1. Testing the spin-label approximation: label points 7 Å from Cα along Cα→Cβ at Ser31 and Ile158. State their distance in nm.
2. What is the order of Val93, Val136, fewest Cβ neighbours within 10 Å to most?
3. Under a 5 Å amide H to amide H cut-off, with H placed in plane at 1.01 Å, what residues pair with Gly111 once short-range neighbours are removed?
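What follows draws every value from the coordinates through simple rules; no lab data is involved. Treat the numbers as computed from the prediction; the structure is a model and nothing was measured. For neighbour counting, all protein chains shown are included, and Cβ atoms are generated from backbone atoms with ideal geometry for every residue, glycine included.
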Amino acid sequence: MKNMRIPLRFVFLTGLLCVTLIPVVYAANCSVSAQGLNFGEYDLVNSLAGSADLTVSCTKTKFFGTDTANYEIELSTGSGSYSAREMISGASVLYYNLYTDATRATVWGNGVSSATVSGQIRMPPFVFSGSSTHTVYGLIPSNQSDVEPGAYTSPAPITVTVNY
């Protein structure tokens, strides 16, 4: 029987090739958290601005999990429409809207009749979670004359679609 020597370099390169051919399972759990947007007191004459933060967080579920989670955030109309969302107190309505920018020029919605916000969470090797924060800008327009005193609320369900 002949003694065969295999160079260590060959073994290392073969092992490296085998590791790179193993299919990687991409998986992450993502969630969204949002502060309530509290406008404060509205005086009918002046518009009233407010803002709140919305955070998307992702955690890898596998050791060799997702390196990057791309996401898109949609805000529903809640009560009303994208041109005029509504807060309600009893039978009274107070109009407002939500925006993607501090100038309050771009309505934040579902991407069909209004804009969405997209982002990316990068999780390099050995980093198992990440997050990204976006600000939601709100505005109650001035001169709404039929507004009764009271506490006004509106649901604005948030949808986050994550792609790996």
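1. 1.2
2. Details: Val93 18, Val136 21.
Placing the least packed residue first, the sequence is Val93, Val136.
3. Long-range HN contacts for Gly111: Thr116.
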